[in-house]
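The values are calculated or read from the model by the stated rules, or taken from the named source; none is laboratory data. Nothing here was measured: the structure is a model prediction, and the numbers come from that model. We place every Cβ from the backbone using ideal geometry, glycine too, and count neighbours over all the protein chains shown. Heads up: the accessible areas ignore ligands, DNA and RNA and are worked out on the full protein's heavy atoms, side chains in. Shrake-Rupley method; radii C 1.70, N 1.55, O 1.52, S 1.80 Å.
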Amino acid sequence: MKSIAELEEIRKKTLEEISMRKNKNGMRVVVGMATCGIAAGARPVMTAFLEELKTRNLHDVQVTMTGCIGVCRLEPIVDVIDTDGNKVTYVKMTPEKARRVVAEHIVNGRICHDLTIGAAEKE
Amino acid sequence: MQIYRAHVLVCTGTGCTASDSERVISELEKQLQEKQLTNEVKVIKTGCFGLCHQGPIVVVYPEGAMYSTVKPEDVPEIVEEHLLKGRIVKRLLAGDKTAEDVAKSVENVGFFKRQKRIALRNCGIINPENIDEYIAFDGYKALAKVLTEMKPADVINEIKKSGLRGRGGGGFPTGMKWEFAARTTGDKKYVCCNADEGDPGAFMDRSILEGDPHSVIEAMAIAGYAIGADQGYIYVRAEYPIAVKRLRIAIDQAKKYGLLGNNILGTGFNFDLELRLGAGAFVCGEETALLASIEGRRGEPRPRPPFPAVKGLWGQPTLLNNVETYANIPVIILKGAEWFSSIGTEKSKGTKVFAVGGKINNTGLVEIPMGTTLREVVYDIGGGIPGGKKFKAAQTGGPSGGCIPASHIDTPIDYDTLTALGSMMGSGGMIIMDEDTCMVDIARFFLEFTVDESCGKCPPCRIGTKRMLEILNRITEGKGEEGDIEKLERLAKNIKAAALCGLGQTAPNPVLSTLRYFRDEYEAHVRDKRCPAGVCKAMISYMIQADVCKSCGVCARNCPVGAIEGERKKGPFVINQDKCIKCGACVEKCPFNAISKNV
Ligand SMILES: Cc1cc2nc3c(=O)[nH]c(=O)nc-3n(C[C@H](O)[C@H](O)[C@H](O)COP(=O)(O)O)c2cc1C
Ligand code: SF4
Ligand code: SF4
Ligand code: SF4
Ligand code: FES
C-alpha cells in the first residue's frame, strides 16, 4: 500500500461488508420465514432480495427474517422498513416482485402499492 | 463480493476457547452447510466480549442477539430458529433470562449498558486476524492522519491535552512521557509495549491483544513518529499463546500492507515492530526489568533515574507504555483530545478496563468511564453478590494495591480517589469480596504472591516481605502474638522506604490497607484467636447439635477423614475434633441442619 487513497479504498469496501455490526441506520427488509412462509416460497424471495441488493451495491440494507405473521394465506410476506421506521407490508411475493420492490421502493422510494397487503385485502 | 444477510460472531478469546468455542464453530459450519445457508450467513471468529465465564459467547447480527454458554448441541436450534426463521432463541440469551423484556441485543445486556468501550471498541466486533476489518472501522486512519497532517510535536500536544494517563499501574501522564522521549537525543530510539500483565486475575491486556491487536500496533507506530523512533518491541508473556499468535498475524499483515516497514503510506516514515516473549515473572513487568529482559539480560530492576525515556534499551531513549494505554491512542487522534477529556473526572480522563472477579454474579471484563462508582460496578454491571450476601470490600491494584471497604462504595473510581483510600488503580484487577471473606487471609494471599515473585536483588524486599508473611501465617493459624500487628506495620514502613523497585515498594500495601479498614479483624485473630469471617481453619470448629441430630448417619458417610462417630438410630453423632480437617462437607450433607460452624 503506497497511499492513503488505497487505505480508504479498503476501508470503504470492507465497511460495506461488515457495517451491519455497527450501524443500524439503513433500510430493512424482513422476510416472513416460518413454516408457512417457507412452504409458500419465501426462500427464493429472500435470495432474490439478496442478489438484487448485491448487484445494485446496496450494502446498507439489512435483510432479516421473522416468524409467522399470522396471515398464512398471503405468504410469502415481506416488510420493508425505511430509516424512519415506516413499514410497508408486501404480500404474495415472488422473486420477480422482490426485484421490483428493490428497484422502485428501496432505490427510488416509490412504494409498489399494487403489491401491498392493503391492495390484496381489497380484492 | 458476497453480501451476507447475517453475521454470526463467535468468540475465540482465551476464555471461550477454553470452554470449547472451536467446537461450536465447526458445528455451526456443518449446520450451515446442511441447510445451504453458507452463502447467506457468515461465521466470524472474534476476540473477547468480556463475559468469559459465560462462554462460549455467540453474537448474531444484524439483530445483535447475544447468546451465552452455547454448546455444540445448541447450534442446530440457533440455525433452525434464528438463522432460518428469524426467531431469537430466548433460552440462550445472555443476561437475565427470566426478565420480561429479555435483553435482545448486545447493547441491552445489563452488563454492557453502563460500559463505554474505547480501548475495547473492536473486541468482539471484528475478526482480529483480518486487517481489513480493523481498517473498516477506521483502523490505521489515525496513523495516516498523523503522518500527513500533523507534526510530531502536534501529536504529543494532542496526547497531552487529552489527559491520558498510563494504564499499566502508575498513572503517569502519557503525553509528558512522550515529550521526554522526544526531547532526549539519541542515535536510535525505541518504542516498547508492556504486555507482561502479571497481576493475578487481570486479563484486560490479553483481551485487547487477542481481540484487536492492530490497535496497539497502530498506536506504537504513531508513538514512533511522535518521538522519532523507527523500531518497536512488544514484550508479551509466553503464557498468552493466542495473543502471541494474533500479534504475529497482525504484524505480518501490517507489513504486507506497508503499514509497518519502510516508507509507510508513501510518507517516508519508517517503523518496524518485533515481538519479545517473556517467561511470565511478575517483576519483568517493571519497566527497567522489562527492558533488561528485551536486551536478553536477566529481568532484574535497576535504580531510576535514569528513566527509560533517557536511557532505555541499549542505553538509548525508550518509550514504554502499557497495552491499554496504546489502545486509546488512535481514537484520541481521530476524535480529538477534547472529546477524550470530556469523559472521566477532573484528573483522570477517559475510561478504564477492569477485570472483575471474586464474589460477584457477572465476572468479566468491563470498560467504564473514570468516575463510575464502585456501587455501579458491583450492582449495575456486576449484577450484585451471589447468594444475597453482603458486599464487604473490593481489592484493586492486585498485589500492589489495597481494598476499598463497603463504607466507600459510592466513591467515584479514579486514580486519585483510589490512592486517597490507600488502594490504587493498578492495571485493572478488581476482586469483589463478600461477608464471608477474611481480610487477614486476603492480605496473606497477596503477600504470598509477592514473596514468590520477589527477584531477590535487594534485602528489604527479599527478607522483609518474608518476615511479614511469617507473621501473617502465624496470625491466620491462630498463633498470633501480642505486638504482631505493630511489627507488621513497622516492617511495612521500612520495606516501602527501602525497596529498590515498585514490587517491593508496594508489596506491603494489601496489609496496610486491610489494617486500615479491618484492624478489628486482625485483633480478633491475635487476641481472641477468632476469625470473624469463619475462614481461618485453625480458629473454627464444627459441632453436631445433639438435640437436632436425627442420628441418620449421612454426615459420617460423607466425612472424608472418618471424623464423625456414632451408630445409626442410636443417639446423636459426634465429631472427633482431633480428626476433623474442617472441610465443611458434613454441614452441607446433613439433611436436618444439625451441624453448625463455630467461629
Ligand atoms: C512489579 C511491577 C510490575 C509491573 N507490571 C506491569 C505489567 O504487567 N504491565 C504494565 O503495563 N505495567 C506494569 N508495571 C508498570 C511498568 O513499570 C510501567 O510503569 C508501565 O508499563 C508504563 O506504562 P504506562 O505509563 O502506559 O502505564 C509494573 C510495575 C511494577 C513495579
Ligand atoms: S524490590 Fe524486590 S523485586 Fe524489586 S529489585 Fe528489590 S528484591 Fe527485586
Ligand atoms: S468438617 Fe469435614 S472433616 Fe470435619 S467432621 Fe465435617 S466432614 Fe468431617
Ligand atoms: S447427618 Fe445430621 S442428622 Fe444425620 S447423623 Fe449427621 S448430624 Fe445427625
Ligand atoms: S474470551 Fe470469550 S468472552 Fe472473553
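Using the heavy atoms of the protein chains and a 1.4 angstrom probe, tell me the accessible area per residue for chain A in square angstrom.
Per residue, chain A has an accessible area of 49 Å².
Any chance you could check region B:40-87 for residues losing 40 Å² or more of accessible area when the partner protein chains are in, compared with the chain on its own (1.4 Å probe)?
The answer is B:Glu40, B:Tyr61, B:Pro62, B:Leu84, B:Lys85.
What residues of region B:1-34 lose no less than 40 Å² of accessible area with every protein chain in place versus their chain by itself (probe 1.4 Å, heavy atoms only)?
B:Met1, B:Ile3, B:Arg5, B:His7
Summed for both chains, how many Å² of accessible area, to the nearest 100, are buried between B and A with a 1.4 Å probe? Intermediate results must be reported in sequence, preceding the final value.
Values: alone 24770 and 7780 Å², together 29160 Å².
The contact between A and B buries close to 3400 Å².
Per residue, how much accessible area does region B:356-464 have with a 1.4 Å probe, in Å²?
Ligands and nucleic acids excluded, the result is 31 Å² per residue.
Can you find, among B:Ile485, A:Thr83, B:Ala6, the residue farthest towards the positive end of the dipole of the protein assembly as shown? Put +1 on the C-beta of Lys and Arg, -1 on that of Asp and Glu.
Farthest towards the positive end: B:Ile485.
How far apart, in nanometres, would the label points at B:Ile463 and B:Trp339 be if each is projected 7 angstrom from Cα along the Cα-to-Cβ direction?
Those two pseudo-labels are separated by 5.6 nm.
Give me the accessible area per residue for region B:6-113, probe 1.4 Å, as a whole number in Å².
Working: 4230 Å² over 108 residues.
In whole numbers, region B:6-113 has 39 Å² accessible per residue.
Would the protein assembly as shown count as rounded, prolate or oblate if I go by the C-alpha gyration tensor, calling it rounded below 1.5 in a/c and otherwise prolate when a/b exceeds b/c, oblate otherwise?
Oblate, because a/c is 1.5 or more while a/b does not exceed b/c.
Scanning chain B for GluC sites (Glu not before Pro) in DSSP loops with at most 16 other Cβ atoms within 10 Å, what's the longest stretch left with none?
Counting at most 16 other Cβ atoms within 10 Å as exposed, the longest clean stretch of chain B is B:101-238.
Which of the three applies to region B:395-435, rounded, prolate or oblate, going by the alpha-carbon gyration tensor with a ≥ b ≥ c and a/c under 1.5 meaning rounded?
It comes out oblate by the Cα gyration axes.
What value, in deg cm²/dmol to 500, does the helix sum -39500 (n - 2.57) over DSSP H runs of n ≥ 4 give at 222 nm once divided by the residues of chain A?
Roughly -11000 deg cm²/dmol at 222 nm, from the helical runs in chain A.
As a check on your grasp of the helix formula, calculate [θ] at 222 nm for chain B: sum -39500 (n - 2.57) over DSSP H runs of n ≥ 4, divide by the residue count, round to the nearest 500.
So the helix-based figure for chain B works out to -10000 deg cm²/dmol.
Do you know which residues of region B:256-272 lose at least 50 square angstrom of accessible area in the protein assembly compared with their chain on its own, with a 1.4 angstrom probe?
B:Tyr257, B:Leu265
If the cut-off is 12 Å between C-alpha atoms, which aspartates and glutamates fall inside it for B:Lys85, apart from same-chain ones fewer than 8 positions away?
Hits, sequence-local ones excluded: B:Glu77.
Run the simple label-point estimate for B:Glu482 and A:Val107 please: 7 Å along Cα→C-beta, distance reported in nm.
Label-label distance for B:Glu482 and A:Val107, simple model: 9.5 nm.
When a/c reaches 1.5 or more, the comparison of a/b and b/c decides; with that in mind, is chain B rounded, prolate or oblate per its Cα gyration tensor?
In terms of gyration-tensor shape, oblate.
Which entries in the list B:Lys537/B:Lys589; B:Lys550/B:Lys582; B:Lys71/B:Lys256 go over 26 Å, if you measure between the two C-alpha atoms of each?
B:Lys71/B:Lys256
Leaving out ligands, DNA and RNA, and with a 1.4 Å probe, what % of the accessible surface on region B:6-113 is carbon or sulfur?
Answer for region B:6-113 is 47 percent, counting heavy atoms of protein chains only.
If R0 is 45 Å, what FRET efficiency do you get for A:Ala5 and B:Arg375 from their C-beta distance, rounded to 0.05?
According to the calculation, E is roughly 0.35.
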